[in-house]
Each structure stands twice: as structure tokens, then as C-alpha cells.
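A.B. asks: Sharing a structure here in C-alpha cells format.
The values are calculated or read from the model by the stated rules, or taken from the named source; none is laboratory data. For clarity, every value in this text was computed on a predicted model and none was experimentally measured. FYI the Cβ positions are ideal-geometry reconstructions off the backbone, even for glycines, and counts take in every protein chain you see. Surface accessibility is based on the protein's heavy atoms, side chains included, excluding ligands, DNA and RNA. Shrake-Rupley method; radii C 1.70, N 1.55, O 1.52, S 1.80 Å.
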Amino acid sequence: MLLNSLLASYADEVKDESGNTLGYLYKEVWTEYAKNCLTSVFLYAAIALAVVLIAVGFVVRSKKQEALGGYMKTAAALAVGFAVTVILAMLSLEFAELAEKGRVEALLLAPAAVLAGTLLLGAAVVYASSYFGKKPFKITAIVCASLVGAALIALLVCIGVHYAQNVDGDGYFNSDVATVNQIVLYISAALLLGAIAALGFLFDKGKKDFDSKSIAYAAICIALSFALSYLRIAQMPQGGSVTVASLLPLMIYSYMFGTRKGVFAGLIYGVLQAVQDPWIIHPAQFMLDYPVAFAGIGLAGLFANAKKLEKLPQIQFALGAVVASAFRFISHVLSGVFAFSAYAAEAGMEVWVYSLGYNSFVFVDVAVVIAAGVLAFSSPSLVKQARRFNVAERKREEKAETQE
């Protein structure tokens, strides 16, 4: 009550040129306060939940190891339930804040939300259809993929319209000292996505197609990563943040199921990031900063099958995480140089130096992920579980090739 009174009084004291009370300021301050409070609450709740689940897991393993599998499923369900709660609560406040500040127009936010919703709902429908046989699964997958493709095209068109109406020739992003280099942006996005896809296919020896299990795990890992992305250690002024190992679930997924599926899961996660923290001015810049950048995170499983490092899973994970983050870094840097050079000009810095320095937060973020990942992969049970999926994928593929 006291906080409400203070905020209301502050808002009443601030008036516009006509003497009208700026009531919207109260809402904006309150939304920001609520978001910060929830972030702290969820951070401590996540730490407490992780400690409790790990502690109980050790007890179950030592007392009744055969029950560990069932406990892991229960722990995963609790973690996903917590993640969904975080996502719904924080997204609601994010949308409220964006609406109050008017930072992102409906022209961008609506199609981005539709694309994200289509991806999530499509994944759920495809997963459910897998229980009705291969044919319904394939038909459903094709239909959902088509809808996602249409939603993506619609979003890119809307971003293009937004650029033409609000950015092109605005005197800031395009001026005597700064410009949005559209051609280079498109080329950079295409080449980088092609390189990520090529590496994803080249280093993946597992089963090519998605099945119900890989889809279910993808959904769980994306949800966990998305929830953890709200637990921020530091927030950058023009987008980007250092989080509490938010990319760890996605990287573990890539290690378990291979880089093909990892790249696809990262791409979906990138679209969700565009809804959560939108800094969008151009279609190719959107691709570089979101789908392409986080598709690169799917390369974290590059060294999962390296035989020389088989006894060092921590090194396998760490090397993959560094490569994956390098691709993310390159993608953000290219976007910064060819789309956001106005920020460098405003700071009085050379554009490459500014972009390299600004986006170096990626390496701080990955350092947190690697530290958490090394601890996780120091657990023999986790390594065994992760490799079980990898081995199963290879055996299924070899069996299918033999039958052909």
C-alpha cells in the first residue's frame, strides 16, 4: 500500500505541458518494479528448486538406484512446470511494459507472437500425432512446417514494412554518419545460416528425422532455456543480456540428440527471444540477431562423438559451447556493424570496435554456461543418460541402413 501511494504521488507530481497528470508514468514504473521483483523471486526460487531436486536425486540414487529413472521424470515435470510459470508471468509483464512504453509497434509484435505461438502449438500437435503412426506424423509435420513458414514470411514482410515506414531515411539509423547496409545484411544472414546448417549436418551422425522423444525433449529444453533467460545477471542497453546459464538446456539437447536437431531447436528459441526482447529494425537484422544467432547454439554438440575425448565429456561440452557461442557472437557483430552503426556513431567510436566490444557480453554469458555445464557433465549419471540417446540414435540409423 505504501509503495502504491508513493508511486501514485510521484506520477501526480509529473505533468505535461498542458498541466495534465501523466498517469501512464505510474503504470510504467509499477510494471518495471513488478518485473524486477518477480525476476528476483524467480531467481531464488530456481536456485532453491535446483538444490532440492539435486539433493533428493542423490538420496534416491544412493538408497534406491532403480527408482532414479522415475524420479528424473518427476523432477523434469516439476522443472517444466516452474519454467511455464516463469514464462507466462514474465511475458505478461513484458507485453504490458512494451504497450506502455510504445517501444514496439503491433506491426512487429503481433506477427512475432503469432510465429512463436505457431511454433509451440505446432510442436505439441506434431508430438501428439506421433502416437497415431508414421503417416499421420509426417502429414502433420508437413502442415505445421508450412504454417510456420507462412508465419515467418508474414513476419519478415511486416518487418520490411516497418523499416520502410519508420527507419529508412529517419535521420538516425540512416544518416550522414550511419546507414543500414541492406545488401550486406541479407548476404551475411544467408551465408552464416548456411554455414551453421552445413556444420550441423556434417558433424551429426545420429538419426536425421525427429521422433516423439526428440520433440518432447526439444520442447522441454526450449522451455527451460526460455525461462532461465528471464533470470538476468546483467542487461545490455540495446538488447542482449548475461543470464543464469539460460543456454545450458539447449546445449545439452544438442549434445544428446545431435547438431541437426540442436540447430532447429536453437532456431525456434531465437524466435521466442524476438518476442521476449525485441530490438528489430530490418528483416535481415532480425534473422541475424535471433533465429540465426541462436541456431548457432545448436552446434554445441559438435564434439559429442569425438572418440579421443570420450573420457572427458566436460571438454566435449566446453569445446562445443565455445564454437556455438562464437557463431552467435559473429551473428550479433555483423548485425551491429551493418544495421546498428548509428549507436557507434553516437558513441563516437569506429563501428567494428563498438560492435565487437558491445557484443562481447556473449562470452561472459557462455562462461557462466560452461561453468554450469562442466559441473553437470561431471555427473556420471547425466553423461550416461546423454550418451544413451546418442548411441540409440546411431544404432537406429545403422539398423535402418542395413534393412534398406
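A.B. asks: Which of the GluC sites (Glu not before Pro) found in segment 300-375 are loop residues per DSSP with 16 or fewer other Cβ atoms within 10 Å of their Cβ?
C.D. replies: Counting only loop positions with at most 16 other Cβ atoms within 10 Å, the GluC sites (Glu not before Pro) in segment 300-375 are Glu310, Glu350.
A.B. asks: Follow-up. Please sort by residue number the chymotrypsin sites (Phe, Trp or Tyr not before Pro) in segment 157-263 whose DSSP state is loop and whose Cβ has at most 16 other Cβ atoms within 10 Å.
C.D. replies: Tyr172
A.B. asks: Collect residues whose amide H, placed 1.01 Å from N in the peptide plane, falls under 5 Å from the amide H of Thr243; neighbours closer than 5 in sequence don't count.
C.D. replies: Ile233
A.B. asks: Please state the charge dipole magnitude for segment 250-404, taken about the Cα centre, from unit charges on C-beta atoms (+1 on K and R, -1 on D and E), reported in debye and rounded to the nearest 20.
C.D. replies: 900 debye
A.B. asks: Between segment 314-389 and segment 129-208, what is the separation of their alpha carbon centroids in Å?
C.D. replies: Going from one Cα centre to the other spans 20 Å.
A.B. asks: Let me ask something additional. When only DSSP loop residues count, what trypsin sites (Lys or Arg not before Pro) in segment 263-318 have their Cβ near at most 16 other Cβ atoms within 10 Å?
C.D. replies: Lys311
A.B. asks: Students often check this: by mean Cβ neighbours within 10 Å, which of 290-298, 367-375 ranks highest, and how do the rest follow?
C.D. replies: Highest-to-lowest ranking by the protection proxy: 290-298, 367-375.
A.B. asks: Ordered by residue, what ³J(HN,Hα) values in Hz, to whole numbers, does segment 323-339 give under the Karplus form 6.51 cos²θ - 1.76 cosθ + 1.60, where θ = phi - 60° and Gly and Pro are x?
C.D. replies: 4, 4, 6, 5, 5, 4, 4, 4, 4, 5, 5, 4, 4, x, 6, 9, 10
A.B. asks: How many nm separate the modelled label positions at Lys73 and Asp170, each set 7 Å beyond the Cα in the direction of the Cβ?
C.D. replies: Spacing of the two 7 Å Cα→Cβ label points: 5.1 nm.
A.B. asks: Related question: Note down the accessible area of Thr179, probe 1.4 Å, to the nearest 10 Å².
C.D. replies: Around 80 Å² of this residue is reachable by solvent.
A.B. asks: Please get the size of the charge dipole for segment 184-247, origin at its Cα centre, with Cβ charges of +1 on Lys and Arg and -1 on Asp and Glu, quoted in debye to the nearest 20.
C.D. replies: That gives a dipole near 80 debye.
A.B. asks: Using the Karplus equation 6.51 cos²θ - 1.76 cosθ + 1.60 (θ = phi - 60°), what ³J(HN,Hα) coupling, rounded to whole Hz, does each residue of segment 362-373 give in order, writing x for Gly and Pro?
C.D. replies: Karplus-based 3J(HN,Hα) across segment 362-373 equals 4, 6, 5, 4, 6, 4, 5, 5, 5, 4, 5, x Hz.
A.B. asks: Applying the Karplus parametrisation 6.51 cos²θ - 1.76 cosθ + 1.60 with θ = phi - 60° to the phi angles of segment 210-216, what ³J(HN,Hα) value in whole Hz is obtained for each residue in order, glycine and proline being reported as x?
C.D. replies: 6, 10, 4, 5, 5, 5, 4
A.B. asks: Full-extension gain between Leu88 and Ala145, please, as 0.36 nm times their residue separation minus the C-alpha to C-alpha distance.
C.D. replies: That works out to 18.1 nm of additional length.
A.B. asks: Still on this structure: Holding the Cα-Cα limit at 31 Å, pick out from Lys63/Lys308; Lys138/Lys308; Lys64/Lys134; Lys134/Lys384 the pairs that are longer than that.
C.D. replies: Lys63/Lys308; Lys138/Lys308; Lys64/Lys134
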